[in-house]
Structures are given as C-alpha cells and as structure tokens.
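What follows is calculated from the coordinates using simple rules that are stated; it is not laboratory data. This is a predicted model, so every value here is computed, not measured. Backbone-built Cβ (ideal geometry, glycine too); neighbour counts: all protein chains shown.
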Amino acid sequence: MAALNEYNVVGGLIGLGEFILLEIVSESIDLEDVQQIVFINKKTYKLKDHIRFHKSIDNKINIALSITVPEGDYTKKDDEFTFTSNTTDWLTFPIDCQITRGIYRCEFKISEYSHFIFFGIKKSGLIIPFGQRPQDQPYAKGNMYFLYNGTVKQNDIETYGNNFMKNGDLISVEVNMDIVPRTVKLFINGNLQPIYMSGIPDSIQFSFSLWATGNTITVQSLKRLVQSTDATIQGAKEVKWE
C-alpha cells in the first residue's frame with residue numbers, strides 16, 4: 001500500500017477528514033486496529049462519539065450468523081437459527097465463520113434434548129456429513145466437543161468432569177486464538193466448567209451436533225470479545241488436542 005503522503009494527504013492519517021477516518025474504521029477487521037486509530041490524538045479520539053463509530057464497533061463484536069448445510073431430516077425456524085432433528089441419526093451443523101485470531105464466544109440454548117447433543121469446534125473446512133458420527137474417524141481427529149454428560153472428547157480420548165447439560169441451559173463455547181497454546185472453554189449458564197482444551201488448530205469453526213428426534217438447539221449469537229471472559233474455577237483441568 002502506498003504511503004498517504006504520496007497522495008498529498010497533509011499530515012498522513014491524521015490529515016484525513018472525519019468521514020474518511022470513519023470509513024477506515026468501518027473497513028478495519030480487528031478491534032485492536034480500531035483502538036489504535038482512535039487513540040492517535042484528540043482528533044481521532046472524537047470519533048468514538050460518532051453514531052457510525054458505534055455501529056462499526058457493534059458489527060465487529062456481533063458477528064452475523066451463517067450456517068450452510070444441505071437439506072436433511074431437520075427443520076429450521078424462519079428468521080432464527082433454531083434447528084430440530086427429525087431423525088435418530090447424526091446431524092452436525094458448523095457455523096460458517098472461520099476463526100484464525102481473536103477471542104470469540106458462540107452461545108447456544110438447549111430447547112429440547114433426549115440423547116446425545118454436542119457443542120464444540122472443528123478444524124476449518126472439515127465436513128462431517130449428515131449420518132456420520134463426529135466421534136468416528138476420520139472426523140474424530142479434526143474436531144472436539146463438550147457432551148451433554150459432562151465429557152470432553154477429541155480423537156477418541158474422553159475426559160470427564162464438567163456438569164451435565166439439561167433442557168433450557170445456555171451453553172457458551174469460547175476460544176482464545178491469541179494465546180499460546182490456543183484454548184477452548186465451556187460455560188453452562190454463565191458458569192465456567194473445569195475441563196477445557198488447549199492446543200486447538202490455528203483455524204477453527206464452531207459446531208454442534210444433534211442425535212434423536214426432537215432434539216432442538218438455537219444458536220443465539222457469535223461474538224468477538226475484547227478480552228477473555230473473567231472467570232476462574234477450582235479444579236480446572238487442561239486437556240490437549242491430539
């Protein structure tokens with residue numbers, strides 16, 4: 001990219017007008033980039049009071065949901081990301097957004113379940129076809145999940161210790177792609193669970209799986225966070241991605 005002074009912009013970035021600066025903020029991918037622009041000087045700091053600035057920040061925090069799957073034995077509510085299984089077979093739904101950096105939190109609600117619901121992450125691009133179990137190879141090595149019964153499983157390795165899930169629970173899966181090793185953690189109704197996983201892949205997608213007729217999950221939100229959720233728990237146990 002050419003330097004701004006090559007285009008006769010006096011003063012470089014701070015020589016730009018308010019609306020051009022707001023456009024740059026809107027096009028910036030990361031919250032960190034936006035923060036750097038705003039705190040350059042008094043002129044750019046004033047951008048934080050502009051309605052376009054707040055809209056831009058909101059769009060970076062609240063990521064538009066998108067789930068692309070083929071037709072199958074499930075129903076989806078209009079204008080909602082609520083999915084109900086109509087079969088006693090495996091249905092895995094990935095959230096389209098591929099995440100390589102930052103801290104993200106995907107929130108779900110369990111509306112109804114009787115058997116086998118999973119929430120977790122998978123390597124970006126991994127496809128688990130309808131009818132295939134995510135815990136079977138070759139898929140098992142490319143995804144991990146938190147089970148309804150408090151188990152964490154990845155690549156045929158199971159670890160017990162989280163709380164059981166039940167109807168009405170709010171489930172949150174949070175990844176931190178900015179630390180080494182990268183981590184994924186589970187929250188049930190806002191409470192951090194002790195078993196978490198580290199060493200997750202460098203590009204991931206959130207996903208969930210249904211098995212059994214009537215199982216119903218709503219994907220409520222996908223958010224980019226400025227920092228990890230402030231929560232600690234006694235007896236935390238790290239499980240490494242294999």
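Remark: for residue pairs Lys77/Lys240; Lys76/Lys141; Lys141/Lys237, the C-alpha separation exceeds 27 Å in Lys77/Lys240; Lys76/Lys141. Among the chymotrypsin sites (Phe, Trp or Tyr not before Pro) in the stretch 134-242, those placed in a DSSP loop whose Cβ has at most 16 other Cβ atoms within 10 Å are Phe164.
Between Asn163 and Thr213, the simple label model (points 7 Å from Cα in the Cβ direction) yields a spacing of 3.2 nm.
Under the combined filter of DSSP loop state and at most 13 neighbouring Cβ atoms within 10 Å, the stretch 121-181 retains these trypsin sites (Lys or Arg not before Pro): Lys166. Working note: Karplus 6.51/-1.76/1.60 with θ = phi - 60° gives the stretch 229-238 the couplings 4, 6, 7, 9, 8, 6, x, 4, 10, 8 Hz, where Gly and Pro are set to x. Available extension along the chain between Leu65 and Thr87 is 5.5 nm, counting 0.36 nm per residue and deducting the alpha carbon span. For the stretch 168-176, backbone phi angles converted through the Karplus equation (6.51, -1.76, 1.60; θ = phi - 60°) give residue-by-residue couplings of x, 5, 9, 10, 10, 10, 10, 10, 10 Hz, Gly and Pro being listed as x.
Amide H to amide H, with H built 1.01 Å from N, Met197 comes under 5 Å of Val184, Val239, counting only residues 5 or more places away or on other chains.
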